[in-house]
Amino acid sequence: MFRQLNDRAAIICLLVVVLAASVIGIPQATAQTAGRTLSVSESVADSLGEDDMHRYSVSLDAGQFVFGTANQESVDVVIEVIAPDSSTVVQIDMSGEGPEPFNFESEAKGVYELVVTPFEKDTGRYTLRLDGIEPIAETPEARVEQLAYRLTGDAPGLLVGVVRNGELTYSGAFGMADLTAEAPFTVDTPSNIGSVSKQFTAMAVLLLEHEGKLSLDDPVTKHLPEVKAFEDTVRIRHLLTHTSGYREIMNTAVMSGIRIEKGDFIDDDMTYEVIQRQPELQNSPGARWNYNNTGYQLLARIVAKVSGMSFPTYMNENVFQPLGMTNTLVRAPRSEIVPHAAQGYVMEDGEYREGFDLPASMGAGGMYTTLGDLAKWIDNFDTHELGGSEAYEKMTTPYVLASGDTTEYGLGLFVQKRHGLNVIQHGGSDLAHRAQLTYFPDLDAGFILMSNNAMVPGSLPQDVAEVFFGDAMELESDTAPADEATSDSSTFDPAEMTPQRFETFAGRYELDNVSGFVLTFTQEEGTFYVQATGQPKLEIVPVGPKEFDLIAVEARVEFRDVADGKAQALTLYQNGEQPASRIEAKPWEPAADSLAAYAGNYYSDELQTTYTMVVEDGVLVLTHARLDDIELRPTKEDRFSGTFPVTNIEFVRGDNGSIVGFDAGNGRTEGVHFERME
């Protein structure tokens, strides 16, 4: 749930709900092996049982960079690196199969441990190899080469660009752009930037507004009368700010059994079909922020309708060309040839396979561009050559919900405060490409990442930011997100968070917007942890009287509403805000024989698909003809949590108490009703 550029489902930003991803962490284990010393270039093969914990050690001097690989032959492993003072350095679990690269840095001299455990009680064989130990590079350019080590040579690669005062001051190309053609990346290679495209779509809408051809407060149906009208009016502004209440197109498609990651085709018309079949909005427009590609697909259609041009043509003539972005285009059909472009790759069965561009993503994604062109776009954040200062101001002003709460999203851009700096950014992905564009307005500087490797480390954006801009950051005492900083936090001493004080926060909290998804906070011998439903534990560290940062990922938790010595609520900050409320101390545990009452076939008229509930070895399992089986875990009475594309289910009972259906969701798409079939 806390990953950034990487995800076990391998479809991020454009498709996967952030809550469906795995928390990086280490599960509890009972069977341990004695520590074994690792040597560089040595491979160690072993097998993991479901409760095993294997320990390896390596002696390091301070200031060393360590890198290696765990080859997951038949088991999904989790790797935790422990420092000499017993603190966690990093926890790694990016992929479920094949190579699991790892790297870390030694801050102090001593013996470091690598602890290997199975993910979710998996079993099987793995091989661990320590590939190298070298001094931490002293220059930013050399540090980037170290961080990109797993994306070099014959592997799908990476582009890195740094922009200062409108100039591309650093550009680096690593690895291969096309494995079939044996073509390496160059700094001029075009690559798919996924949802980074959204800010360009937002600019197009603002240009049309400036011309008087539309208003952000226009109803969507004014320009697209074929879109279903609901009781509450959805406006263009709601599409831009992810507050429309529409079903999310990609998550809905996958829930219906469409295997986008396997190449199943969907077209733009499916967006209309999804909305047409939606019985009611998921929220009143403007009341809830919920990342949503449906809205940006509709915006592309509005731009085309209002301008009288195709969306790719309008973008080229009115956005790209005026800024001199001559190597940028909207790839309308995914079969369109993009000369010399980076082909995307995913990992399957331990080998790289070609990945597809997401279909029907125009407006929400689907753009190909280069480092040089994106540098020109970043420069426009300062010069306002395109759109003027008014457009920039609108794009970078966080949207305020109907409740008065402020989001961390403007128009096509996240607007945040991190490590003492104001940040304007957006990440992006399709099935295999990854991208990140970040601008620090305080510095008139930023950076760009583009990769065609679905295995790119999720920590890379933050690592690159620290390499080039660390001197300007408050890395040890990060300020709270989006104006949440308090004077208490700025003077807080982590030693004040005693085990007794932590008991105020310990317990279980269910996300308000995702029924059945629970965060459990515990402590063990003075170390604090969070564990999401169905995920391993992740260490957290106190940064304020009520605030905790998550180790190894860019996320934070702030507890709220303390009553009778217990926090009653919290907010998770990560690319937005996710509120959660305290629930009972223990999850509901139905008797094994009572699970049979849920078994049966369930049909959704909205999705026009059928799921089957079966009981296997005392566990309720959700099956679908075209999807992998999903084990369901009870959370509350008649509520279960699962894995993407069905992360939460709430059963519905009739007047006589029997099960008559269930409502399913996955974060971005919620409340889809399935009726029990006789």
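Extension gain for the segment Asn601 to Arg501, taken as residue separation times 0.36 nm less the Cα-Cα distance, is 31.2 nm to one decimal. With R₀ fixed at 41 Å, the C-beta to C-beta distance from Lys636 to Ser74 puts the FRET efficiency at about 0.70.
As a calculated quantity, the FRET efficiency between Glu589 and Met677 at R0 = 25 Å, using C-beta atoms, amounts to about 0.35. Measuring between their Cα centroids, the stretch 207-242 and the stretch 416-450 lie 28 Å from each other. A value for percent of Cα pairs over 41 Å apart was derived from the coordinates, and within the list [x] 25; [y] 35; [z] 29 it appears as [x]. Computed over the chain, relative contact order equals 14 percent, with contacts defined as Cα pairs under 8 Å that lie 6+ residues apart. If Lys and Arg each add +1 and Asp and Glu each add -1, what is the summed charge of the other residues whose beta carbon sits under 12 Å from the beta carbon of Asn290? Around Asn290, the surrounding residues sum to -1.
With viscosity set to 0.890 mPa s at 25 °C, what whole-number translational diffusion coefficient in µm²/s follows for the stretch 18-178 from Stokes-Einstein and a Kirkwood radius over Cα pairs?
On the way: Rh = 17.0 Å.
My calculation gives 144 µm²/s for D.
Using the Kirkwood radius over C-alpha pairs as Rh, can you work out the diffusion coefficient of the stretch 487-582 via Stokes-Einstein at 10 °C, viscosity 1.306 mPa s, in µm² per second?
On the way: Rh = 13.5 Å.
Estimated via Stokes-Einstein, D reaches 118 µm²/s.
Label zone (Ser335, point 7 Å along Cα-to-C-beta; backbone nitrogen cut-off 15 Å) within the stretch 345-385: 357, 359-360. The slack between Leu475 and Asn422, meaning 0.36 nm per residue of separation minus the straight C-alpha distance, is 17.7 nm.
Peptide packing: for 244-254, 329-339, 564-574, the average count of neighbouring Cβ atoms within 10 Å per residue gives the ranking 244-254, 564-574, 329-339, highest mean first. Pairs with C-alpha atoms separated by more than 23 Å, drawn from the list Lys228/Lys394; Lys121/Lys586; Lys537/Lys586; Lys198/Lys376; Lys417/Lys566; Lys394/Lys417, are Lys228/Lys394; Lys417/Lys566. Between Val111 and Val652, residue separation times 0.36 nm minus the direct Cα-Cα distance comes to 189.3 nm. Protection proxy ranking for 109-117, 591-599, using the average of other Cβ atoms within 10 Å per residue and placing the highest first: 109-117, 591-599. Shown is the FRET efficiency for Asp154 and Lys222, computed with R0 = 60 Å from the Cβ-Cβ distance and rounded to the nearest 0.05: 0.70.
To the nearest Å, what is the center-to-center distance of the stretch 319-357 and the stretch 609-650, using C-alpha atoms only? So the separation of the two Cα centres works out to 35 Å.
Since every read-out is calculated from the coordinates, none of them should be taken as a lab result. Computed from a predicted structure; not experimentally measured. When we count neighbours, we look across all protein chains shown, and the Cβ atoms used for this are built from the backbone with ideal geometry, even at glycine.
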